[in-house]
1. What is the residue count in segment 219-249 for residues that are hydroxyl-bearing (Ser, Thr, Tyr) and more than 18 Å from Gly21 (Cα to Cα)?
2. Quick check on segment 237-253. Is at least one of its residues without any contact (Cβ under 8 Å) to a residue 60 or more places away in the chain and under 13 Å from Cys29 (Cα atoms)?
3. Could you say which residue among Leu356, Leu340, Leu270, Leu298 is within 30 Å of Ser246 (Cβ to Cβ) and either surrounded by fewer than 14 Cβ atoms within 10 Å (Cβ to Cβ) or not acidic (Asp, Glu) (or both)?
4. If Arg309 satisfies all but one of (1) outside any strand (DSSP E or B); (2) surrounded by 11 or more Cβ atoms within 10 Å (Cβ to Cβ), what's the number of the condition it fails?
5. For segment 50-91, name all the residues that are surrounded by 15 or more Cβ atoms within 10 Å (Cβ to Cβ) and of a type in the set (Phe, Trp, Tyr).
6. Inside segment 337-348, can you point out the residues that are closer than 20 Å to Pro311 by Cα and over 43 Å from the mean Cα position of the chain (by Cα)?
7. Looking at (1) in the same structural domain as Ala237 (by TED's automatic domain parsing); (2) in a loop (DSSP other than H, G, I, E, B), find the lone condition where Gly275 falls short.
Amino acid sequence: MLAFLQDYTIQTVAMGAALLGTISGVLGCFAVLRRQSLLGDTLSHAALPGICLGFLWAGARELEALLAGAFLTGAAAALLVLLIAARSRLKTDAALGIALSVFFAIGVVLLTRIQAGGGGGQAGLSTFLFGQAAAMLRADLWVMAAVTAVAILIVVLLWKEVKLVTFDPGFATAAGLPVVALEIALTVMIALAIVVGLQLVGVVLMTAMIVAPPVAARQWTRRLETMVLLSAGFGVAAGVTGAMISATARGLSTGPVIVLAISAIVLVSLLIAPGRGLIWTGLAALAERRRLRGRQVLLTLYRLAEEHRDPAYPAEKGTLDAYHRAATGPALARLEAEGLVRSVSHHPEPTPHWELTPEGHARAEDLAGRPERAK
C-alpha cells in the first residue's frame, strides 16, 4: 500500500484532483446559490475553442497556452451571457443555451480542423473532452495550484461583498456596491475553476464538479461559510477517491470516476442529511400524518360527545372507522398512550368503544377553538 501511494503518477493525479475539488467546491457554491448551475456547463463547453486556439498559438500541446486559451474563451462566453441577458428580452437560461451551443460548435470545428491537419503535436488534444489525468505532470500542478490560490484569495478578500451580491443583489445595489463588476468577477472565477479541471475531468463532465459539491453541502447546513468549507471538503474527497479508484482498476478513466464519486456523495447527502434528507423529511411527514389522524379522531370523539351532550360518550370503533373511511386503531392506540382516550365496554354491545378522558376533552376543546365550559 505504501509503495502504491509513493507512485509518481498516482501522487500527481491525487494532488491535482484535490486542487480541482477545492476550487470547484468553493466557487460552485456561488453559482448554485445564484441559480446559475447551467453556467458551469456553458463555460466548460466554451473552453473547448480556447484549448484549440491555445494549441494553434503555441504550436504544441503546452498546458499553459491551452489553459490560457480556455480561460479567455470561457470568460468571453460568460460576458456574452451577461450581455445577452442585460441587453435583450431573453432570460439567462436562454442566453446560457446560446453561448453553450455556439462556443462548443466552434470548438468542435477547430478541433476537427486541427486533427485533419495531421502532425504529432495535436495528439491527445481531444482528450480534453473527457480528461486524461494520467498525462498530468508536476509542472501542471503548479499551474493548477496558482489558479486555485488566486481564486480563493479573491473570494476571501471580497467575502462580504460577494456574499451580499449572492443573496440580495438589490440591497447590494442600494448600498452602492458595484454589483455588475462583482457578478463578472464571480463568473470569471468560475471560469478559472473550469480551467483547472479540464485536464482531469474534461469539458463535458466539468459541470458536475461545479454543481455537485455545493448541492451536497447545501443539504447539511444553512450557513454560507459552512457550506463553502463542506463543499470544498466534498470536492477534495471525491477527487482523491476517484483518483485512487481509477489507479487501482484497469481501464477506468479518472474523470468519470471522480464524477461518480461526487455523485455518490450527493446521493448520500440527499438521503440522510439531518433535517433535509429525504429519509428524515419522509419520516417527519409520516409522523405529521399520524399526528393529524390522531387530532381528527380526537375531534370526532369530541363532536360525538357534544351531539349527545355527554362528555364521556362511548363511540364504537366501527363507527369511527366508517366515519374516517380508514382503520382508526393505530390512532386510538397512540391517543390512549397519551392519556387522551380510553377503551370502555358498552353493554350490551360486545364491540370495542372509546371515550374521551378529561385531558382528552380539554385537548379537543383547544383543537376545536371553543372556550372551556364553565364548571
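1. Of segment 219-249, the ones hydroxyl-bearing (Ser, Thr, Tyr) are 221, 226, 231, 241, 246, 248.
Okay, now just the ones that are also more than 18 Å from Gly21 (Cα to Cα), so 221, 248.
Looking only at that region, the number is 2.
2. no
3. Details: Leu356 fails: within 30 Å of Ser246 (Cβ to Cβ); Leu340 fails: within 30 Å of Ser246 (Cβ to Cβ); Leu298 fails: within 30 Å of Ser246 (Cβ to Cβ).
Every option except Leu270 fails the conditions.
4. Failed condition: (2).
5. Result: Phe55, Phe71.
6. Let us first name the residues in segment 337-348 that are closer than 20 Å to Pro311 by Cα, namely 337-347.
Of everything in segment 337-348, those that are closer than 20 Å to Pro311 by Cα and over 43 Å from the mean Cα position of the chain (by Cα) turn out to be Gly339, Leu340, Val341, Arg342, Ser343, Val344, Ser345, His346, His347.
7. The single condition Gly275 does not satisfy is (1).
Let's see how each residue does on (1) modelled with pLDDT of 85 or more; (2) under 30 Å from Arg113 (Cβ atoms):
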site	(1), (2)
Phe4	no, no
Ala18	yes, no
Arg35	no, no
Thr42	yes, yes
Ala58	no, yes
Gly69	yes, yes
Thr73	yes, yes
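The values are calculated or read from the model by the stated rules, or taken from the named source; none is laboratory data. On a predicted model such as this, the values are computed, not experimentally measured, just so you know. Virtual Cβ from ideal backbone geometry, glycine too; neighbours counted across all protein chains shown.
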